[in-house]
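The values are calculated or read from the model by the stated rules, or taken from the named source; none is laboratory data. Just so we're clear, the structure is a prediction, and the values are computed from it rather than from any experiment. So basically every Cβ, Gly included, is an ideal-geometry build from the backbone, and we count neighbours across all protein chains shown.
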Amino acid sequence: MVVNKSAIKGLVPVYFATNRVVTGGPGLELSQISYGRAASNTLGYVTVSIPVIHKMGEVEVPGTTWLGIKEAEQDGKHFRIQKLNRLSREEFAAAIANPADSLMLFVHGYNVAFNDAAFKAAQIAFDANYKGRVMMYSWPSKGGWKDYDYDRESALFAPDGLFDLLQLIKQEGKVSRIIVIAHSLGSEVVLGALQQAALSQTALGITELIFAAPDVDRDLYLQRANQIKAAAGAVTLYASSTDLALLASLKKAQSKSRMGFVTNSGPTLVPGIETIDVSAVGSEMFALNHSTYSTSRAVLDDIGRIISSSAHLKPPQRTPTLRSMPDDSNTTYWMYPY
């Protein structure tokens, strides 16, 4: 594919591992990557182009008319996949290995297709001016609002593949820092992989672990809290009382609360996990074409400071506008002011 360089702001290589079923031969087309569940990972990389009209905090994708006709992709208006290549395990390890580099691994949430996951990983890195390796783990989400049950089953199926990827990064990636960002139902996948690491006594070397509106049962979160803290040098959790996906999950699961949900008494707190209430910044974290650009940018700014810093900074050090919130147990959390 020929890229119109005057129509784009930049190109972001995104390495990927996916346990989606991939059909066809050694070549790779987007249409070959399905929502079926595979027993092992396919590895490779995509190159994502950022359109010249890009606004920080947004992923610009084609819209659909009221007649259901989808707008054609254009380099100057939309995020696009310009290259898509499959790599062997050896090629993948060699490509990511750089002792001077950090690596950011994005694990997407519910209702996310493969290309949308690549777009979001690229957008986070581009907006944060992140210079390290960018990677995503794409588990078999069906990519539809009505497919929550399928996606939840896929999230329970996916930890084996993520654990395998994390071991590959640790053993052969040889990077200076490993940053994992888990969104929504992707947090369930991450918790499953961390449990496998704990049970097998495998050190994964995660430097920063970030949960964005994690869609995980509150009781399961509390049960796994020690495993989470043991797996990473620092853990940050962004929680919300207004996130639409979390509200839908609460209703669907008939759960009293979720890991990333803020109840009337506040978020679920675990000492040693830095929790930030982001209810004030909008209803859709990491949404595509969301309408809360000006406010959700605040969260992306904070994430950007985490992934781009050489050492961990406490929330008020990196984002002074956060308000400190002591609660009954004297554990501090922070919140964005309304």
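General observations
Results for (1) in contact with an Asp or Glu (Cβ under 7 Å, 6 or more places away or on another chain); (2) farther than 23 Å from Ile303 by Cβ; (3) among the basic types (Lys, Arg), shown as yes or no for each residue.
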residue: Leu220; (1), (2), (3): no, yes, no
residue: Leu244; (1), (2), (3): yes, no, no
residue: Lys252; (1), (2), (3): no, yes, yes
residue: Arg258; (1), (2), (3): yes, no, yes
residue: Val270; (1), (2), (3): no, no, no
residue: Thr275; (1), (2), (3): no, no, no
residue: Val281; (1), (2), (3): no, no, no
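- Residue within region 311-324 that is modelled with pLDDT under 90, part of a loop (DSSP other than H, G, I, E, B), crowded, with 18+ Cβ neighbours inside 10 Å and touching a Lys or Arg at 6+ places or on another chain (Cβ under 9 Å) present: no
- For Glu274, the criteria (1) within 30 Å of Ser176 (Cα to Cα); (2) at pLDDT below 90 hold in every case but one, which is (2).
- Considering Gly272, Gly233, the condition of being surrounded by fewer than 21 Cβ atoms within 10 Å (Cβ to Cβ) and part of a strand (DSSP E or B) is satisfied by Gly233 alone.
- Enumeration of residues in region 20-39 that are over 12 Å from Ala113 (Cα atoms) and at pLDDT below 90: Thr23, Gly24, Gly25, Pro26, Gly27, Leu28, Glu29
- Test: Lys55 is assigned to a loop (DSSP other than H, G, I, E, B) and crowded, with 18+ Cβ neighbours inside 10 Å: no
- Cβ pairs under 7 Å, 6+ apart, first in region 303-317 and on the phi < 0 side of the Ramachandran plot, second assigned to a helix (DSSP H, G or I) and of a type in the set (Asp, Glu): Gly304/Asp127
- Search result, residues across region 59-72 that are exposed (fewer than 14 other Cβ atoms within 10 Å of the Cβ) and either of a type outside the set (Val, Ile, Thr) or closer than 21 Å to Ala128 by Cα (or both): Gly63, Trp66, Leu67, Gly68, Lys70, Glu71, Ala72
- Once region 95-122 is narrowed to residues that are among the polar types (S, T, N, Q) and more than 20 Å from Ser309 (Cβ to Cβ), the residue that is surrounded by the fewest Cβ atoms within 10 Å (Cβ to Cβ) is Asn115.
- The number of residues in region 192-215 that are touching a Ser or Thr at 6+ places or on another chain (Cβ under 9 Å) and either modelled with pLDDT under 95 or part of a helix (DSSP H, G or I) (or both) comes to 5.
- Any hit, region 84-94, residues being in contact with a Ser or Thr (Cβ under 6 Å, 6 or more places away or on another chain), buried (at least 20 other Cβ atoms within 10 Å of the Cβ) and closer than 19 Å to Ala118 by Cβ: no
- Check on Thr242, of a type in the set (Ser, Thr, Tyr), surrounded by fewer than 19 Cβ atoms within 10 Å (Cβ to Cβ) and either at pLDDT below 90 or in a strand (DSSP E or B) (or both): yes
- Test: residue in region 141-149 that is of a type in the set (D, E, K, R), in contact with an Asp or Glu (Cβ under 7 Å, 6 or more places away or on another chain) and surrounded by fewer than 24 Cβ atoms within 10 Å (Cβ to Cβ): yes
- Among the candidates Leu222, Leu247, residue that is surrounded by fewer than 17 Cβ atoms within 10 Å (Cβ to Cβ), at pLDDT below 95 and assigned to a helix (DSSP H, G or I): Leu247
- Restricted to region 284-299, and to residues there that are at pLDDT 65 or above and surrounded by fewer than 21 Cβ atoms within 10 Å (Cβ to Cβ), the residue that is nearest to Val235 (Cα to Cα) is Ala298.
- Selection status of Glu29, of a type in the set (Asp, Glu) and under 21 Å from the mean Cα position of the chain (by Cα): no
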